[in-house]
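A quick write-up on the structure given underneath.
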Amino acid sequence: MGVERGLAGLRRILEGVDFPADKDRIVAAALDAGGDEEVLSALRAMPSADFYESEEVLRAVPLPETEPGSHTESARAQERPQR
């Protein structure tokens, strides 16, 4: 099973981070956890700062709640244009 993407994946990564943590430590934790390129890019784009809790990190990186294409079939059907 791969690492979850988007905010769910970042939340899982942050569970293993001891806070306070700086940007470099958070990026290193994401690399160690096998974070995908989307999460890593978002973390690298954060300002260099000390973060005191995971919620601060989550607010600092704009990521989708779930992976694109991970909707259920019924949700995808509702998104399709009606003919």
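The values are calculated or read from the model by the stated rules, or taken from the named source; none is laboratory data. Not measured: the values here are computed from a predicted model. Cβ coordinates were reconstructed from backbone atoms using ideal geometry, including for glycine residues, and neighbour counts include every protein chain displayed. Note: areas computed on protein heavy atoms with side chains; ligands, DNA, RNA excluded. Shrake-Rupley method; radii C 1.70, N 1.55, O 1.52, S 1.80 Å.
In segment 6-35, the residues that are without any contact (Cβ under 8 Å) to a residue 40 or more places away in the chain reach residues that are open to solvent by 20 Å² or more (accessible area, probe 1.4 Å) and in a strand (DSSP E or B) with C-beta atoms within less than 6 angstrom, at least six apart or across chains, in these pairs: PRO20/ASP50; ASP22/ASP50. So for segment 19-38 (the condition being assigned to a strand (DSSP E or B), open to solvent by 30 Å² or more (accessible area, probe 1.4 Å) and modelled with pLDDT of 90 or more), does at least one residue qualify? There is at least one residue in segment 19-38 that is assigned to a strand (DSSP E or B), open to solvent by 30 Å² or more (accessible area, probe 1.4 Å) and modelled with pLDDT of 90 or more.
Beta carbons closer than 6 Å, at least 6 apart along the sequence or on distinct chains, pair a first residue in segment 36-65 that is at negative phi with a second that is open to solvent by less than 60 Å² (accessible area, probe 1.4 Å) and of a type in the set (Lys, Arg) for MET46/LYS23; SER48/LYS23.
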